[in-house]
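The values are calculated or read from the model by the stated rules, or taken from the named source; none is laboratory data. Only a predicted model underlies this, so the values are computations on that prediction, with no experimental measurement involved. No Cβ is skipped: glycine too gets one built from the backbone with ideal geometry, and neighbour counts run over all protein chains shown. For accessibility, only protein heavy atoms count, side chains too; no ligands or nucleic acids. Shrake-Rupley method; radii C 1.70, N 1.55, O 1.52, S 1.80 Å.
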Amino acid sequence: MTLFSRVGTFLDGLTGSADLGEPEKTAVVAAQVTTILRHLPIMAVSGMIIAAITAFVARDQANFATFAIWFGGFVCLETTMLALWWKNRNRSPETPEETSRAVRRTVFYAAAIGLFWGSLAALLIPYVGPENTIFAAALLTSAILVTAFSLMALLPAVLVFVLISGSLATASALFHPHAEDWPPIVGLIATYMLFIPWLGISYGRAFLQHLKTDIENRENAQVIGYLLDEYEETVSEWIWETDLAGRTARMSSRLSTKLGTAGGKAGQAPFIDLLSHVVRTDDPGLAEVRAALEGSRPFTGIECQLESGEADQYWRISGRPVRDKAGVSAGFVGTVRDITAEKEAKNQIIQLAHRDTLTGLFNRASFTERLENAVRGLERYGTPFTLLFLDLDKFKLVNDTYGHPVGDRLLAEVSRRIQSVVRKDDCVARLGGDEFAIILEQCNDAVFAAKLASRLISEVLEAYVIDGETLWIGISVGIALAPQHGTRPEQILRNADLALYRAKEDGRGVFRYFEAQMDFEQRERRVLEQEMHQALEDEEFRLCYQPMISAATGRICAMEALIRWDHPIRGEISPVEFISIAEQSNLIVEIGKWTLRTACQAATAWPENVCVSVNVAAPHFMRSDIVADVQAVLDETGLPARRLEIEITESLLIEDSDDVLNRLVALKKLGCVIVMDDFGTGYSSLSYLLKFPFDRLKIDRSFTRDIETGDSAKAILMAIASLGDNLGIRITAEGVEHHDQLDFLVSIGCDQLQGFYFSEPVQHEDVAAMMLRDFMGVHQVARLDDRRPQRRASAG
């Protein structure tokens, strides 16, 4: 980068033009140069006048010959510049190269003129007597200020001029024979050298801002002009005019075509008669136009609907009376505008504002408005109504399995089925996701609501065929009757939601009415949730441990950690009561981390061959970085990863199988043992065995309990044991309570056994005493060991 370019960049930063693009900067500089060119004649003529006056004053001076040479050079310079101005007066630089060349010429001119005026001070001031000092200073000041202000548009030029002229003038004053009398002059020159650059920078910024505004205005004018041109071509507004009698005097050709009067068919027909041929006779807008014309009143924006066998069409008609020069009414002039597209757009906006775009049902905002209207009707007139909350069962599984496009089409079909069941005037809304709501206005009949809910459930339960796939989902319904179950919108909403919650708890695919007990249970859940926060801080939770017995040795091979809550007032609270509440909030993550840390810390005191098994709840697994949580606990406690068994349920895999499987793989890489808990109770257990190599399957206690009641449970257990044997997956049977159950489970090859037959969950301090105990007896183990080879031989 050249020195000239670097200086230019620095000056651009001072004036604020550094952030402009190259085209904008070129336009700005061209405008600055053009401004100086406009001022050049004034600057040159005034300069030569001042030079002539100065020559007259200096005619008797000893150095007049030198001054004459200066005067001749100055006149030549100004004459040359005037010639250049005349040549370029009607054009301005356009390209960056032309602009750069013009800037350099202007700066060189500023340097030359500055040199001339500065040298004039050197020629004049030393030879001026005290009586002419003020006059000489005034001449020089006038010349320099005129030139400086003329160059003000271009900051580099004015700075160069000020620097050269000011420096020479200062030197001339300092070396004057009577220099002691010139300090005021030197001060003025110094002030000039500071003030003019500051003024140049300010002027440059103001000039730039003005130019930016001017450019923006021109661009806006171009856009407006373009839009106006487009409007002229596409406008749907037509002019009409009538005489004093209301007869059509003139109309746009396009309006004439619309009215069917093209080719002069209108004659002297009244304008209102022509309108009545195309506008619906019962349209109130037509009557308004007729009344305004008859009463000579101006009217604006009267909308009329046209008689049309096709889609609805609308016109907007405006008019005002006109008067002649004497002020006498002379008829009407007005416009007709086709607003069909505008109406359609407005209706579409209303549709988007009040309807769900996917299903066409009312959206949440419209539902809220309808519910508030229903409550107002209840308050004012005692009009009852019923609110149904609906939630689809297993929709998330379908959506995740087949993708969102299939899920969207399924929602649309469900919406169609719901609408086919309800009455025409009932409000059906999609609140979001797979949640729906129905307001049955002027009805709070519990029997009618029950029948409707049953029909909804059976209708939604029918199979769906989408993209060749046959899908099944269900629906749960919660019912709240007004005023029995509430008289305020939020109260009715909450109670219907509580009823829906109960329907889901009771197995899904059913409907439930709101009951007062539900409200009490909901309040109880909220209280427990609040108390759980405090319980974590006050260390009210504790872990018990239930042994898992090796079928081969009869000794403990693992301990399952089971959480308990010792409430200071309620006493011991079962996990059945509080875990589900914790899962509905983020508390489950904190409780899960505490359980992992406490269990692993306890296991460090056990023998090396004894593992600790921890159940990880699905919400904890998904909402937290479970891999990082486990890694942090193992690092903190020092427990080897191989001694930590992570138990998960099949329901977790349904949530987001790919994400879950990735996390399970990461946990297994850490060295942890991965156990599928409650095996056989989920939706697709076998498919998950193919996707992920579980280390152990834990047979649900329900199968163990049914061993003594029938052969079906035994057959299922034998199949699971055989499956585990063939896949190399160890089997744990839980819920062992009787000797016969133990005998059968060992005989089919279960590796681990767990249940009250061996021990109930015990406190941490009681675990050590159990470690050396033989839970099955040496002879029992030997007898059962003899049976296992026979079972495997028969299985083979």
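The table below gives the values:
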{"read-out": "Heavy-atom accessible surface of the range 301-385: percent carbon and sulfur, 1.4 Å", "value": "48"}
{"read-out": "The range 525-626, accessible surface, carbon-and-sulfur percent (1.4 angstrom probe)", "value": "48"}
{"read-out": "³J(HN,Hα), Karplus 6.51/-1.76/1.60, whole Hz, each residue of the range 98-114, x for Gly, Pro", "value": "4, 5, 4, 5, 5, 5, 4, 4, 5, 5, 5, 5, 4, 5, 5, 5, x"}
{"read-out": "Shape category assigned to the range 403-537 from the gyration tensor of Cα positions, a/c cut at 1.5", "value": "oblate"}
{"read-out": "In Hz, Karplus ³J(HN,Hα) per residue of the range 451-467 (6.51, -1.76, 1.60; θ = phi - 60°; x = Gly, Pro)", "value": "5, 4, 4, 5, 5, 4, 5, 5, 5, 5, 6, 4, 5, 10, 10, 10, 6"}
{"read-out": "Cut-off under 5 Å, modelled amide H: who pairs with Thr383 long-range", "value": "Leu378"}
{"read-out": "Relative contact order of the range 517-627, defined on C-alpha pairs under 8 angstrom at six or more residues apart (%)", "value": "24"}
{"read-out": "Extension gain (nm, one decimal) between Ala52 and Leu82, 0.36 nm per residue minus Cα-Cα", "value": "9.1 nm"}
{"read-out": "Extension gain, Arg705 back to Asp445 (0.36 nm per residue minus Cα-Cα distance, nm)", "value": "89.2 nm"}
{"read-out": "With eigenvalues of the C-alpha gyration tensor scaled by 5 and rooted, the range 525-587, Å", "value": "30, 12, 9"}
{"read-out": "5 angstrom amide H check on Ala733, placed H, neighbours 5+ away", "value": "Ile699, Gln752, Leu753, Gln754"}
{"read-out": "The range 472-544 shape via C-alpha gyration tensor axes, a/c threshold 1.5", "value": "oblate"}
{"read-out": "Global geometry of the range 318-473, whether rounded, prolate or oblate, following the gyration tensor of its Cα atoms and the 1.5 cut on a/c", "value": "oblate"}
{"read-out": "Amide H contacts under 5 Å for Ser613, placed H, 5+ residues apart", "value": "Met559, Glu560, Ala561, Glu645"}
{"read-out": "Neighbourhood net charge (9 Å Cβ-Cβ; Lys/Arg +1, Asp/Glu -1) for Ile466", "value": "-2"}
{"read-out": "Subset of Lys593/Lys669; Lys394/Lys451; Lys504/Lys668 violating a 28 Å alpha-carbon distance limit", "value": "Lys504/Lys668"}
{"read-out": "The range 286-292 - phi-based ³J(HN,Hα) in whole Hz, Karplus 6.51/-1.76/1.60, Gly and Pro as x", "value": "5, 5, 5, 4, 4, 5, 5"}
{"read-out": "Sparsely packed trypsin sites (Lys or Arg not before Pro) within the range 274-337, loop by DSSP, other Cβ within 10 Å at most 13", "value": "Lys325"}
{"read-out": "Solvent exposure of the range 487-593 as accessible area per residue, Å², 1.4 Å probe", "value": "48"}
{"read-out": "Cross-link partners of Lys258 among lysines (Cα-Cα below 21 Å; sequence separation of 8 or more within a chain)", "value": "Lys343"}
{"read-out": "Ile648, Ile716, ranked by accessible area, largest first (probe 1.4 Å)", "value": "Ile716, Ile648"}
